[in-house]
Amino acid sequence: AQAARKLDACLPEDISILEISEPEHDFDAIGFGEYQLRLESDDLSKLARALAALLAESQIIVMKHSKKGEKAVDIKPHFIDIQIAQESDCLLLPLKATCSQGGSINPNLLVEALKAHLGEEVSAQITRKCLLTKDFSDMR
């Protein structure tokens, strides 16, 4: 508890330490990140329809930047358990994305694909909730 308070005092105001523990897994055990996307638009119904249409596509091809340059990548297989919940002022999308030493997909790529599909800007807030092992247990 004392270590958490000391670390917390050094962090920006909007970031806080929730828990400190000894690691139970090696770094290479990471398989997924669990995220929540919050999407806002003046027309949530239109946004929800565009998102549903995008997710119904067989592929979602985006340009991904890497150390070797840009390349076209199908991001759809990298996102699982995507749910869409329409709130009064936003869409909430809890989802899991691949996240490992072998390769990770930034959830912002999904947001960028949605913007391109919709043809307009979308306000997005992305929060990583936790890291998960390859068998979806909590990474500790």
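The values are calculated or read from the model by the stated rules, or taken from the named source; none is laboratory data. Worth saying up front: this structure is predicted, and the values here are computed from it rather than measured. Because the Cβ atoms are built from the backbone with ideal geometry, glycine has one as well, and the counts that use them run over all protein chains shown. Only protein heavy atoms, including side chains, enter the accessible area calculation; ligands, DNA and RNA are left aside. Shrake-Rupley method; radii C 1.70, N 1.55, O 1.52, S 1.80 Å.
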- With the checklist (1) buried (at least 18 other Cβ atoms within 10 Å of the Cβ); (2) in a strand (DSSP E or B) in hand, flag the one item A72 doesn't pass. (1)
- Note on the structure: Picking from K96, K129, K115, the residue that is closer than 25 Å to A48 by Cα and free of Cβ contacts under 8 Å to residues at least 12 places away in the same chain would be K115
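Just to be sure, is P94 touching an Asp or Glu at 6+ places or on another chain (Cβ under 8 Å) and either of a type in the set (G, A, S) or not in a loop (DSSP other than H, G, I, E, B) (or both)? Steps first, answer last, please.
Numbers: touching an Asp or Glu at 6+ places or on another chain (Cβ under 8 Å): yes; either of a type in the set (G, A, S) or not in a loop (DSSP other than H, G, I, E, B) (or both): yes.
Considered against the rule, which asks whether it is touching an Asp or Glu at 6+ places or on another chain (Cβ under 8 Å) and either of a type in the set (G, A, S) or not in a loop (DSSP other than H, G, I, E, B) (or both), P94 comes out as yes.
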- Can you tell me how many residues in segment 121-140 are in a loop (DSSP other than H, G, I, E, B), surrounded by 14 or more Cβ atoms within 10 Å (Cβ to Cβ) and not aliphatic (A, V, I, L, M)? 1
- For residues that are open to solvent by 20 Å² or more (accessible area, probe 1.4 Å) and within 18 Å of the chain's Cα centre (by Cα), scanning just segment 27-47, find the one that is farthest from S88 (Cα to Cα). F32
- Task: Select, from E57, E70, E22, the only residue that is of a type in the set (D, E, K, R) and within 16 Å of N108 (Cβ to Cβ).
- Result: E70
- Note on the structure: The condition from (1) open to solvent by 80 Å² or more (accessible area, probe 1.4 Å); (2) closer than 24 Å to K129 by Cβ; (3) over 19 Å from the mean Cα position of the chain (by Cα) that I15 misses is numbered (3)
- Selection count where residues are out of contact with any helix residue (DSSP H, G or I) (no Cβ under 7 Å at 6 or more places or on another chain) and either small (G, A, S) or touching a residue at least 24 places away in the same chain (Cβ under 8 Å) (or both), scope segment 1-21: 5
- Message: Yes or no: segment 93-108 includes at least one residue that is surrounded by 11 or more Cβ atoms within 10 Å (Cβ to Cβ), basic (K, R) and under 29 Å from D14 (Cβ atoms).
- Response: yes
